[in-house]
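The values are calculated or read from the model by the stated rules, or taken from the named source; none is laboratory data. These figures come from a predicted structure and were not determined experimentally. Cβ sites come from the backbone with ideal geometry, for glycine too, and all protein chains shown count toward neighbours. With ligands, DNA and RNA removed, areas are computed over all heavy atoms of the protein, side chains included. Shrake-Rupley method; radii C 1.70, N 1.55, O 1.52, S 1.80 Å.
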Amino acid sequence: MEYLLKSIACLLLFLLVHRLFLQQEVLHRFNRFFLLAAVILSFLIPLNQIEISSPKPLQLGKEEFSQLGNFPVNEEYLPTEIGLSSKSEVSSNWNWSELGFGIYILVSIVFLIRFLRNFQVLRSKIRSNIHINYRGQLLVLLPEDTLPYSFLKYIFVSKEGFEREGISDAVFEHERVHVVEKHSWDLIFVELLLIPFWFHPGLYWLRHAIRLNHEFIADRSAIQRTEITDYQYELIRLAQTGTPSALVSNLNYSLTKKRIQMMTKRSKPMQVAWKFLAVIPILGLIYYGFSEKVIAQNEANQTKNSLEGVSYTLVYQSLLQNMTKAKYYSLTKFILKYPDGELVESKYDELPENLQNGLPDAPGAMEPKAPTAEQFESWKNEKEFALWLDGKVIPNSKLNEISRDEIVHYFSSFVHNNARSKRFPQNYQVQLYREEAFENSFGEYSDLRVKPLRGTVTIPVDEPKNQSFSVNTNPVSLYQKELKAYHQQLNSGVHFIDKPKTDQEELMEEFLDLGGKFFRLRVEDKKLTERPTHPFAPYIRLKKGDEFYFKLKEDLTEEERQQLPPPPPPAHEASQTQDRTTAGLLDIYRKMLLAYEFKKNELQHSLIENSPKRASFFEEFIKVQNAYLALDHEEKKQIKAPSPPSMPSRTAKGLEDC
């Protein structure tokens, strides 16, 4: 068991190193062999032995040992003599072990059957369908409509689609690389390991990392044959079709923003060199940390002699300390609920002082508080009280089945109107505890006494949001805070036109986001703030061939002035105070829209109602929509607005129209 735990932890650390240092670099073929070596080494390193010297043994004199007798020791944890277990106990333990081993064998057989079935399905398709030699590769023509994929030396394509329109150069090159570089053997190797080690979390992470790296390799070769944008649109078009087996390589695997960005990424030699220098000592530490330590023989004998016949067991117990209120609520999420139903999330240190003071102090010693007979009877009124017993909801009639003497403690709280729900519409909520539950929840060694409070606390706010205590939730204040941060970032260091390309794109996206947020403000709120400064200002971006350059307006030639768009119509005179310097915003928006649609396509089957992933993706939709709103009227004619997460992804044709 210790060996397996070490092996699992070792592989997870190797994969973490790959994720943090190597995956982002264009070192795909190196990464392939690094990942394969990582899984092999993770099984070998825990078997390796490193000889170490033994530390000098600790020897206690009589006086020192006698002084330890005054140290507080918890008698509950003192060691006891261990005798032979009874026959029944041995039999019980053996039965549990046998059951666990039986479950392990059963699941392993399921994984073996799954592997053999996938292999047989592919073998059957190869034998029962037409083969053709196409540009040096074996194509298997399938009767069903399927996405092109490869396995071993075969490329599988739809017969009808191939006869109708053939196969594009980019897709063929993508699958050809999978075949030529024998990527299928990597996947078969991992799938075979999963049969006996199906419980190994690192192998599932490894499988994903290997398949993603395969796609990086194939993508890099495919974009040599076609334009990157055309290739990406083709992937979107083909992404709706699934693949039949975990053993095959398919070109739409993990079609994420990371994979799209990797298509155009270039390695920086110095950056790669620094990463290798950082990785080498980390790998050394993994090797040393997970190898078996063996004490040198001569020192081991000395240690054995010096400690022979002596055994000491000390138990140290720390005293409970009351936490500060800030520490106690450090992990708590607070939800401020306003009269109009709006919810605002906050942390403890973001709460106004009056709300912080109103929270209960960190729990100290709690004395049981039993209910009176009158209180106990009143709680049977289901219209007035919602009840919990030992942390579980109970019907009020349940009190007829238990004795009042069983309840050693209770909490009762009034529920404000805006905090009530359909399930619990009562005026009061009462928590009841019996003795065991009270000790587990509030006793001296309970989590409540020694750990910060987790979970969510809803605080009803009586005043409307725009009149409340917190200026942090005011839309204008939030906008001005983001606007100030944007201007600070824009004005720091060199001018925008001299900043690195990544910084320029980040500032352009932030400008579009702020422009959309300004557009959403109410008319009276817009008078209280200002639009974000354009990153280019006072320069204008111009294009010559495939290159962009910047010039001041007064330095433009007549030919360059012809590139400028016509001025806006008189009805928008308010916007004429800002020079027409938005050239380039459309390109940034196109990239944001493309990345959004790719991610939407990837997540479309997992965006379930009220899931955290859906909420996060909806925030991304709002950001792209803000960017669209920041464009002017003429630019909006050239592009489409982002479709909401609930709508199907655009087809490739739809994206081309954008």
Contour excess over end-to-end distance, with Cα ends at Glu367 and Ile105 and 0.36 nm allotted per residue: 89.1 nm
Once both label points are put 7 Å beyond Cα along the C-beta direction, the Tyr134-Glu350 separation in nm becomes 5.4 nm
Can you list the HN-Hα couplings for region 331-338, worked out from phi with the Karplus curve (6.51, -1.76, 1.60; θ = phi - 60°), rounded to whole Hz and with x for Gly and Pro? 9, 8, 9, 9, 10, 8, 10, 8
Rg over Rh of region 475-527, using C-alpha atoms and the Kirkwood radius, what does it come to? 1.04
Set the bar at 24 Å for Cα to Cα. Now go through Lys517/Lys636; Lys268/Lys553; Lys526/Lys553 and name every pair that lies beyond it. Lys268/Lys553; Lys526/Lys553
What residues have an amide H closer than 5 Å to that of Ser158, excluding those fewer than 5 places away on the same chain, when H is modeled at 1.01 Å from N in the peptide plane? Leu142, Thr146
Spelling out what I want: for every residue of region 225-232, take phi, set θ = phi - 60°, compute 6.51 cos²θ - 1.76 cosθ + 1.60 (Karplus), and round to whole Hz; glycine and proline get x. 9, 7, 5, 4, 4, 5, 5, 5
How would you order 266-274, 188-196, 167-175 from highest to lowest mean count of nearby Cβ atoms within 10 Å? 167-175, 188-196, 266-274
Express the carbon and sulfur contribution to the solvent-accessible surface of region 475-527 as a percent, rounded to the nearest whole number, probe 1.4 angstrom. 53 percent
DSSP beta bridges in region 118-205, what fraction antiparallel, as a percent rounded to 5? 60 percent
Using a 1.4 angstrom probe on the protein heavy atoms only, line up Phe385, Phe414, Phe550 by accessible area, largest first. Phe414, Phe550, Phe385
Per the Kirkwood formula over distinct C-alpha pairs, the hydrodynamic radius of region 373-442 in angstrom is 12.5 Å
Note: Glu620 to Lys422 extended length (0.36 nm per residue) minus current alpha-carbon separation gives 68.1 nm
Expected vector for region 392-399, Karplus 3J(HN,Hα) from phi with 6.51, -1.76, 1.60 and θ = phi - 60°, integer Hz, x for Gly and Pro, equals 10, 5, 10, x, 4, 5, 4, 5
The extension gain from Phe43 to Thr458, computed as 0.36 nm times the residue separation minus the Cα-Cα distance, is 144.5 nm
For Asp230 and Ser124, FRET efficiency with R0 = 51 Å and r from the beta-carbon atoms, rounded to 0.05? 0.90
